[in-house]
1. Considering region 9-25 alone, what residues qualify as being surrounded by 15 or more Cβ atoms within 10 Å (Cβ to Cβ) and free of Cβ contacts under 8 Å to residues at least 12 places away in the same chain?
2. Checking the condition over 25 Å from Ala173 (Cα atoms) and either assigned to a helix (DSSP H, G or I) or not hydroxyl-bearing (Ser, Thr, Tyr) (or both), which residue from Glu49, Glu40 passes?
3. Every residue in region 136-161 that is among the small types (Gly, Ala, Ser) and under 12 Å from the mean Cα position of the chain (by Cα), please.
4. Would you mind finding the one in Ile164, Ile156, Ile151, Ile144 that is in contact with a Gly (Cβ under 6 Å, 6 or more places away or on another chain) and among the aliphatic types (A, V, I, L, M)?
5. Got at least one residue in region 168-185 being among the hydrophobic types (A, V, I, L, M, F, W, C), outside any helix (DSSP H, G or I) and at pLDDT below 90?
6. Does Ala78 qualify as being of a type in the set (A, V, I, L, M, F, W, C), at pLDDT 90 or above and either surrounded by 14 or more Cβ atoms within 10 Å (Cβ to Cβ) or not assigned by TED's automatic domain parsing to the domain that holds Trp162 (or both)?
7. Being over 21 Å from Ser100 (Cα atoms) and either outside any helix (DSSP H, G or I) or in contact with a helix residue (DSSP H, G or I) (Cβ under 7 Å, 6 or more places away or on another chain) (or both) is the filter here, so list the residues in region 52-85 that pass it.
8. Scan region 110-147 for residues that are part of a helix (DSSP H, G or I) and closer than 17 Å to Tyr167 by Cα and jot them down.
Amino acid sequence: MNLFGDWFLVITSILLFTAFILAFIKPIRKRDWKSLSLYEAFIVSLFTEMFGIPLTIYILSSLGLPLVADPLQGHLLAALLALVGVWDLETGVTVVMVVSLLMLLLGGYLVVTGWRQIYSAGEPLVTNGLYGVVRHPQYLGIIIGTAAFLIQWPTIITVAMWPILTYAYYRQAKREEEELQEKFGEEYCRYKESAYDDSAFEVQIDTGGAELTVRDLIRGRDIDKEKPLKEGLAIKHTIFAVKLTPEATSNQNKS
């Protein structure tokens with residue numbers, strides 16, 4: 001069945017996903033509307049190609065790729081991997097649909113649950129439940145959800161837009177953290193230390209008073225107690241943050 005050219009479905013899909021975001025993420029400030037406008041542009045571009053005009057397929061086919069305006073080949077990740085022999089097209093479409101739908105469910109769960117916690121807590125600073133694990137679950141949910149659409153139906157425009165959208169919500173999250181830290185002071189600082197970030201995980205390691213390197217951590221080397229730990233030493237990565245703390249030394253010293 002060819003769904004291309006179905007503009008009613010294009011408009012309905014755009015309105016549905018727009019209503020979902022507006023219902024659970026309330027844009028108040030100017031920067032909220034800026035991030036939302038990027039999300040909206042992403043959604044419009046996505047569904048215009050998914051159900052309207054498959055522009056990416058036309059462009060790639062004009063460059064010599066054996067693609068046609070068929071809904072199955074609109075799942076470009078599945079189609080391209082089928083072309084190189086990884087799987088047949090039908091299997092690939094099934095795989096990308098299952099993965100992307102699971103990601104969409106996870107993203108939706110983060111957005112909805114984050115909203116419920118904020119508006120049902122009855123207190124100014126929410127630090128428990130989902131917010132005890134992730135500081136910005138709603139923004140993380142948007143990033144995961146849009147990434148799911150990149151897996152399900154990638155287009156030239158959405159692939160180019162997704163890093164910009166992700167960075168916009170990252171910047172917005174950091175600005176909100178600065179405001180919350182200014183408003184709540186030490187209380188929010190303690191919360192930041194205890195909650196995982198959606199862009200970096202912190203792992204407390206009992207070093208036994210020893211100095212560790214990134215190579216030691218990767219190799220799983222036994223701790224050498226004779227090497228002193230430098231005060232406040234922290235090893236950070238774009239995804240993981242490993243914090244080496246001199247406080248947790250008693251267990252190693254007792255052994």
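1. Ile11
2. On the way: Glu40 fails: over 25 Å from Ala173 (Cα atoms).
Testing whether each residue is over 25 Å from Ala173 (Cα atoms) and either assigned to a helix (DSSP H, G or I) or not hydroxyl-bearing (Ser, Thr, Tyr) (or both) leaves just Glu49.
3. Just the residues of region 136-161 that are among the small types (Gly, Ala, Ser), to begin with: 141, 145, 147-148, 160.
The answer is Gly141, Gly145, Ala147, Ala148.
4. Numbers: Ile164 fails: in contact with a Gly (Cβ under 6 Å, 6 or more places away or on another chain); Ile156 fails: in contact with a Gly (Cβ under 6 Å, 6 or more places away or on another chain); Ile151 fails: in contact with a Gly (Cβ under 6 Å, 6 or more places away or on another chain).
Sole residue among the options that is in contact with a Gly (Cβ under 6 Å, 6 or more places away or on another chain) and among the aliphatic types (A, V, I, L, M): Ile144.
5. Looking only at region 168-185, we keep the residues that are among the hydrophobic types (A, V, I, L, M, F, W, C), and these are 168, 173, 180, 184.
Those still in the list that are outside any helix (DSSP H, G or I) too: none.
No, there is no match, as no residue in region 168-185 is among the hydrophobic types (A, V, I, L, M, F, W, C), outside any helix (DSSP H, G or I) and at pLDDT below 90.
6. Values: of a type in the set (A, V, I, L, M, F, W, C): yes; at pLDDT 90 or above: yes; either surrounded by 14 or more Cβ atoms within 10 Å (Cβ to Cβ) or not assigned by TED's automatic domain parsing to the domain that holds Trp162 (or both): yes.
Against the criterion (of a type in the set (A, V, I, L, M, F, W, C), at pLDDT 90 or above and either surrounded by 14 or more Cβ atoms within 10 Å (Cβ to Cβ) or not assigned by TED's automatic domain parsing to the domain that holds Trp162 (or both)), Ala78 qualifies.
7. Of region 52-85, the ones over 21 Å from Ser100 (Cα atoms) are 53, 55, 58-69, 84-85.
Correct list: Ile53, Leu55, Ile59, Leu63, Gly64, Leu65, Pro66, Leu67, Val68, Ala69, Val84, Gly85.
8. Taking region 110-147 and keeping what is part of a helix (DSSP H, G or I), we get 110-121, 129-132, 137-147.
Pro137, Gln138, Tyr139, Leu140, Gly141, Ile142, Ile143, Ile144, Gly145, Thr146, Ala147, listed by residue number.
The values are calculated or read from the model by the stated rules, or taken from the named source; none is laboratory data. Given the structure is predicted, the values throughout are model-derived calculations rather than measurements. Note that we place each Cβ from the backbone using ideal geometry, even for glycine, and neighbour counts take in every protein chain shown.
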